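What follows is calculated from the coordinates using simple rules that are stated; it is not laboratory data. On a predicted model such as this, the values are computed, not experimentally measured, just so you know. Neighbour counts run over all protein chains shown; Cβ positions are idealised from the backbone, glycine included.
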Amino acid sequence: MDEILHCIVVDDDHDEVKALSTLISDHEGLILQKSFTDPLLALAEILQQNEVINIAFLDINMPLLSGLELAKRIQGKVNFIVFVTAFQEYSLRAFEVNALQYLIKPIMKINLIDVINQLRLYQCKNAKPMGNLADDGIYILAGVKGQYLRIEIASIILFSAEKNQVHIFTETGDYIANAGISKVMADLKNDQRFMRIHKSHIIRLNAVKNVSANLVYLHKDYMAPISPQYRTTFFNYIQQRILKNRS
């Protein structure tokens, strides 16, 4: 039997929330955890809670805080983002925040079923099952003997090795761990969010902003070089995700 997926809905339109909530409630594999019409309230509650949210259905075009901005702020708290929009052009921007799927309004039951099936397929291919992401963190020595600092893996932008240390650059700060880059790679072996692009650098793929021939530009203005050893694998990944016109 498939794992029950816990969902939230965020949309400033009450009627849209009601319609999607009904479709979720009618799906035997889904549980509606909560719905919101205020994205700021949704953000506050999501960041405070400890329960796993498997899927967040987010409207893109909302006042005060767009679905795209909300998605960036709740990374690490939600396993999958599904954008819900009435505008086809917004669907392309969904990939900026690593959303795997999107739904175009008005949402039909069959479209929701297709999206859930695609997410489950991705879940099966991913070596890390959803349940293991409840504590999506790593620990490093905090500089005081016997004390450790927890870092959200989803917030890590870049690992950069220097001698026997690894600099960890995150969305909120920079840290140093007494470990080699090989140890980091071993720990991240089954985590498809990260890729090694240089003997000294591992990047979070959904933190990429731009790519040139020899450099990757990341969130927070970080950069990392691409070495010949890892160029083919990285650019194959890019090629698979280039949007092309249908013939």
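Annotations
- Working from label points 7 Å from Cα in the Cα-to-Cβ sense, the Asp26 to Gln147 distance is 5.5 nm.
- Dipole in debye (nearest 20) - segment 136-240, about Cα centre, beta carbon charges: Lys, Arg +1; Asp, Glu -1: 260
- Rounded FRET efficiency, nearest 0.05, which uses the C-beta distance separating Ile242 from Asn111 and R0 of 35 Å: 0.90
- Long-range HN-HN contacts of Gly137 with modeled amide H, under 5 Å: Ile153
- Our coupling estimate for segment 55-61, obtained by passing each phi through the Karplus curve with A = 6.51, B = -1.76, C = 1.60 and θ = phi - 60°, is 9, 10, 8, 10, 5, 7, 8 Hz, Gly and Pro reported as x.
- Long-range amide H partners of Phe36 with built H, under 5 Å: Val9, Val10, Asp11
- Per-residue HN-Hα couplings for segment 17-30 [Karplus 6.51, -1.76, 1.60; θ = phi - 60°; Hz; x = Gly/Pro]: 4, 4, 5, 5, 4, 5, 5, 5, 4, 7, 8, 5, x, 10
- Near Ile226, the amide H atoms lying under 5 Å from its own belong to Leu215, Val216; only residues 5 or more places off or on other chains count, and H is placed 1.01 Å from N.
- Within segment 136-240, antiparallel bridges make up roughly 100 percent of the DSSP beta bridges whose residues both belong there.
- Entry for volume of the Cα convex hull per residue in Å³ (calculated from the structure that is shown) out of (i) 137; (ii) 151; (iii) 163: (ii)
- Contour excess over end-to-end distance, with Cα ends at Glu162 and Asn61 and 0.36 nm allotted per residue: 32.1 nm
- Computed helical MRE - 222 nm, the chain, DSSP H runs ≥ 4 contributing -39500 (n - 2.57), nearest 500: -9000 deg cm²/dmol
- DSSP bridge pairs, the chain: antiparallel proportion in percent, nearest 5: 55
- Binning the alpha carbon pair distances of segment 136-240 at 10 angstrom intervals from zero yields the distribution 14, 50, 29, 6, 1, expressed in whole percent.
- Subset of Lys109/Lys220; Lys163/Lys209; Lys72/Lys163; Lys105/Lys189; Lys77/Lys189 violating a 30 Å alpha-carbon distance limit: Lys109/Lys220; Lys72/Lys163; Lys105/Lys189
- Computed FRET value (nearest 0.05) for Gln118 with Glu45, which takes r as the C-beta separation and R₀ as 25 Å: 0.40
- Spin-label model distance (nm) - His14 vs Asp221, 7 Å beyond Cα toward Cβ: 4.5
- Cβ-Cβ FRET estimate between Asp174 and Tyr139, R0 fixed at 22 Å, reported to 0.05: 0.85
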